[in-house]
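Each reported figure results from applying straightforward, stated rules to the coordinates on display, with no laboratory input. Everything numeric here is computed off the predicted structure, so don't read it as measured data. Here Cβ is always computed from backbone atoms with ideal geometry, including for glycine, and neighbour counts include all displayed protein chains.
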Amino acid sequence: GQRLSEMYAALNNDLRVLAAIGARTAFDRASEFLGVAASLNFNEKLNDLVKKGKIGQDERETLKVLVDAGSAAAHRGWRPKPEELNTMTDIVEAFLYRAFILGDGIQTLKTAVPPKP
């Protein structure tokens with residue numbers, strides 16, 4: 001979506017603080033598309049995603065690092081190094097891919113596989 005495009009624009013212009021905030025915001029908006037209430041704080045959003053079965057505990061911990069990094073950029077003046085920003089981008093892209101793209105493919109594959117005799 002638009003938040004992801006803005007994150008990539010910030011990355012392409014070496015606006016690392018904005019890119020980090022953009023990664024956190026992309027996760028935030030994606031969680032809403034997965035049925036999480038916008039009014040929840042980030043910790044509650046992560047817990048709700050686990051409760052809804054959208055992420056597992058390991059992915060929750062990974063996404064918590066992403067959220068914490070984005071919050072540090074937004075509120076504590078942290079400017080991530082390029083490699084740290086690459087990791088943040090990898091985290092948000094993997095989450096989006098698994099949640100929105102791979103999910104449909106898995107369902108299609110599940111229905112295509114013949115049952116055991």
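For this structure, a couple of remarks:
- According to the Cα-based calculation, Rg over Rh for the chain is 1.05, with Rh computed by the Kirkwood formula.
- For the chain: relative contact order, % (alpha-carbon pairs under 8 angstrom, 6 or more apart): 29
- Sites Arg29 and Leu109, calculated FRET efficiency, Cβ-Cβ separation with R0 35 Å, nearest 0.05: 0.80
- Value at 222 nm in deg cm²/dmol, rounded to 500, when DSSP H runs of n ≥ 4 in the chain each add -39,500 (n - 2.57): -23000 deg cm²/dmol
- With at most 15 neighbouring Cβ atoms within 10 Å, loop trypsin sites (Lys or Arg not before Pro) (DSSP) excluded, longest segment of the chain: 1-51
- Highest-fluctuation residue, Ala72, Ala20, Ala37 considered, GNM on the chain with Cα pairs under 10 Å: Ala37
- Karplus-based coupling profile of region 84-90, in residue order and whole Hz: 5, 5, 4, 5, 4, 4, 4, with θ = phi - 60° in 6.51 cos²θ - 1.76 cosθ + 1.60 and x standing for Gly or Pro.
- 32 Å Cα-Cα threshold exceeded, pairs from Lys45/Lys116; Lys52/Lys110; Lys64/Lys116: Lys45/Lys116; Lys64/Lys116
- Chymotrypsin sites (Phe, Trp or Tyr not before Pro) restricted to DSSP loop in region 26-117 with at most 16 other C-beta within 10 Å: Trp78
- Taking 0.36 nm per residue of separation and subtracting the current Cα-Cα distance, fully stretching the chain between Ile101 and Ala38 would add 20.5 nm.
- Springs between Cα atoms under 10 Å define the GNM used for the chain, and in it the highest mean-square fluctuation of Ile21, Ile106, Ile91 occurs at Ile106.
- Each residue of region 40-54 was assigned a 3J(HN,Hα) from its phi angle through the Karplus curve 6.51 cos²θ - 1.76 cosθ + 1.60 (θ = phi - 60°); the sequence is 6, 7, 4, 4, 5, 5, 4, 4, 5, 4, 5, 4, 6, x, 7 Hz, with glycine and proline shown as x.
- In sequence order, region 8-21 has phi-based couplings of 5, 4, 5, 4, 5, 10, 6, 9, 5, 5, 5, 5, 5, 5 Hz under the Karplus curve 6.51 cos²θ - 1.76 cosθ + 1.60, θ = phi - 60°, and Gly or Pro positions carry x.
- Estimated distance in nm for a label pair at Asn86 and Asn12, the labels positioned 7 Å out from Cα along Cα-to-Cβ: 2.0
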